[in-house]
1. What pairs can you find where one residue is in segment 38-66 and among the aromatic types (Phe, Trp, Tyr), the other is outside any helix (DSSP H, G or I) and more than 7 Å from the ligand (Cβ to nearest atom), and their Cβ atoms are less than 8 Å apart, with a gap of 6+ or different chains?
2. Within the bounds of segment 67-83, is there any residue that is assigned to a helix (DSSP H, G or I) and open to solvent by 100 Å² or more (accessible area, probe 1.4 Å)?
3. Quick check: anything in segment 53-63 part of a helix (DSSP H, G or I), more than 10 Å from the ligand (Cβ to nearest atom) and among the aliphatic types (A, V, I, L, M)?
4. Within segment 84-99, take every residue that is part of a loop (DSSP other than H, G, I, E, B) and out of contact with any Pro (no Cβ under 6 Å at 6 or more places or on another chain) and give me the one that is surrounded by the most Cβ atoms within 10 Å (Cβ to Cβ).
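The values are calculated or read from the model by the stated rules, or taken from the named source; none is laboratory data. It should be emphasised that the depicted structure is a prediction, and the values quoted were computed from it without experimental measurement. No Cβ is skipped: glycine too gets one built from the backbone with ideal geometry, and neighbour counts run over all protein chains shown. Side chains are part of the model used for accessible areas, which takes the heavy atoms of the whole protein and leaves out ligands, DNA and RNA. Shrake-Rupley method; radii C 1.70, N 1.55, O 1.52, S 1.80 Å.
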Amino acid sequence: MVLAALTGAAMADDAGTLFGKNCAACHGKDGSGNTPAGKKLNVKDFTDPKVQAEMKDEEMIKAIKEGIKDGGKTKMKPFGEKLSDEDVKALVAYVRSFKK
Ligand code: HEC
């Protein structure tokens, strides 16, 4: 995390850096969701080909931009204000790259 913070400014557009800064706390650096927060929220394992097959690009973009709510509770906050469309697309491609 310290490393991501230090390199963040120089590599602002790098999807891996964006993921490490904004997403890895829940989804894990390797996308497996094997983190305390990820386990609590029951996130999907992005390394699983079945999970990848079930996710559509449009759904992923929507999830990242608008977040995910369960009833009235926010499970994943929206990143649409913070990230540009290019960033969101780069993150979708990055999430795809976790597939084993
Ligand atoms: C606070 C924890 C948290 C953070 C931070 C977070 N997510 Fe999520 N994410 C979740 C949860 C919870 C779900 C929903 C899991 C479920 O119910 O299937 C989810 C679902 C998703 C999905 C799946 C959508 C689908 O169609 O099923 C994608 C893609 C995703 N997140 C990408 C990201 C990206 C990229 C970031 C960083 C910009 C991020 N997440 C940050 C918790 C988080």
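1. So the pair list comes out as Phe46/Gly31; Phe46/Ser32; Phe46/Gly33; Phe46/Phe98; Phe46/Lys99.
2. no
3. yes
4. Selected residue: Phe98.
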